[in-house]
1. What does the charge count around Asp430 come to, taking other residues whose C-beta lies under 15 Å from its C-beta (Lys +1, Arg +1, Asp -1, Glu -1)?
2. Let a ≥ b ≥ c be the square roots of the eigenvalues of the Cα gyration tensor of segment 194-256; is it rounded (a/c under 1.5), or, if not, prolate (a/b larger than b/c) or oblate?
3. To the nearest 0.05, what FRET efficiency results for Lys390 and Val132 with a Förster distance of 35 Å applied to their C-beta separation?
4. Just checking the chain: which Cys have no other cysteine's beta-carbon under 4.7 Å?
5. Compute the acute angle (0 to 90°) between the alpha-carbon long axis of helix 353-366 and the principal axis of greatest extent of the alpha-carbon atoms of the chain; round to the nearest 10°.
6. Quick check on the exposure proxy: order Tyr358, Tyr366, Tyr117 from fewest to most C-beta atoms within 10 angstrom.
7. Expressed in nm to one decimal, what extension gain is obtained for the pair His193 and Lys343 from 0.36 nm per residue of sequence separation less their Cα-Cα distance?
8. Any chance you could run the full-extension gain for Met325 through Leu146? It's 0.36 nm times the residue separation minus the Cα-Cα distance, nm to one decimal.
Amino acid sequence: MKKQTAQDMGSGSIPKLLAQLAIPAVVAQVVNLLYNIVDRIYIGHMAEVGAVALTGVGLFTPILMLINAFAMLAGSGGAPRAAISMGQKDNRTAEKILGSCFSLLLILAAVLTLLFYRLAPTLLRLFGASEVTLPYAVDYARIYILGTVFVMIVLGMNTFISTQGFAKISMMTTVIGAVINILLDPIFIFVLHLGVRGAALATVLSQAVGAIWILRFLTGDQTILRLRKENLKIESRIILPCVELGVSSFVMLSTESLLSICFTSSLSRYGGDLAVGAMTILTSVSQLATLPLQGICQGGQPLISYNFGARKTQRVKQAFYCQLMACVGYTVLFWGLVMLAPKAFAGMFTDDAALTEYTVWALRIYMAAIFALGAQICCQQSFMALGQAKISLLLACLRKIVLLIPLILLLPHFFADQVFAVFLAEPVSDALAAAVTTACFLGKFDTILKENKIINKII
């Protein structure tokens, strides 16, 4: 592995540093998204059964999101804590955070593998699987679940690479895995005739390679924070603050799982398998919007956290506003593309005429306020970067638990077109949550920075 240098986050141009950190992180997020999107593209184009198989695989989404949620409980909670410790020149504590979070990931992976493998058929039926789509859903789910440990290591530990400033190494983790997945998918699906099982197997193998890459780096000589045997013991004083901070990301992702269940069950009731199939595509397109935002914030997080730990107030402010401009700019651009060319997005995943037409109609409703998510995600993630776990958690709950889920269940009672009402819940929630979260952050930002200065003076 070629020697890589970490960016110095305590000095130099903020916009330049953000670009150096965020661009690889965005690439990594987009490439990571390809793991599931490529699977769905190939599955959706399977002869004769493509539309049905795509719907079945889409029903696995709630379980997938729960696995991701538990990974980020450790990753997104531990990485900002480690960055703050590094800003305070306390790398010893940062390494203990790394080790404890890794051990937590392994424990969670073992529990989730056993639980989800056993309960997969029951859960998939609850999520809206019909007798037609259930076999495809189970075939994909059980193979993917066996690779849970690899998925969690990639998602949870890669954050500790980027938070040290090794943005390119972090990016390569996902690039390598995605390339392998893209190459293996058509071989397993079409050449070896494994169908949806082949897609799942390709994903697991590619994630395994990514996990090995990460562990090799974090135990090697290039890393600043090294994964050491003596730090693998979980200490409550180390892990609890990480879990407290990571709860926000966990809630965000786990409620995505609950949302997926609400959407698929409601759409199955009002629109049947066609509506559920469209929702599978909508979820993938939505991730094309949200995951690059996560990448931008992943790049901004080390800058904000490090300088917050070093009490460099002006650099914290500059980093946040640069991040905000990037997030808002991206979502406005993406919204414009979806509104102008929804058929291009739908056609990526299916060549079924009925499903394509249905999805085009649904996209324009579901993505109507996606432009607002840039500000919402930026501000919510910035609360995490500043160590504000409780308020970040509350705002994570606002959009989905307080607004979106009730809207999914209530709006169909007020519209003649009930499927339209289900899709409408998304933009209404997006707009309201963005307004509240942005106002809250801007109202508290200066106070958080002032309190940090006061603490510094006391110390």
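Coordinate-derived values only; no laboratory data. Nothing here was measured: the structure is a model prediction, and the numbers come from that model. For neighbour counting, all protein chains shown are included, and Cβ atoms are generated from backbone atoms with ideal geometry for every residue, glycine included.
1. Values: positive: Arg364, Arg399, Lys400; negative: Glu256, Glu426.
Summing Lys and Arg as +1 and Asp and Glu as -1 gives +1.
2. Details: a/c = 2.99, a/b = 1.28, b/c = 2.34.
Since a/c reaches 1.5 but b/c is at least a/b, the shape of segment 194-256 is classed as oblate.
3. On the way: r = 45 Å, r/R0 = 1.29.
Efficiency, from the Cβ-Cβ distance: 0.20.
4. Cys101, Cys242, Cys262, Cys297, Cys322, Cys379, Cys397, Cys440
5. 40 degrees
6. On the way: Tyr358 20, Tyr366 26, Tyr117 15.
Lowest to highest Cβ neighbour count: Tyr117, Tyr358, Tyr366.
7. Working: separation 150, 0.36 × 150 = 54.00 nm, distance 2.91 nm.
51.1 nm is the gain from fully extending His193 to Lys343.
8. Separation in residues times 0.36 nm, less the Cα-Cα distance, equals 60.4 nm.
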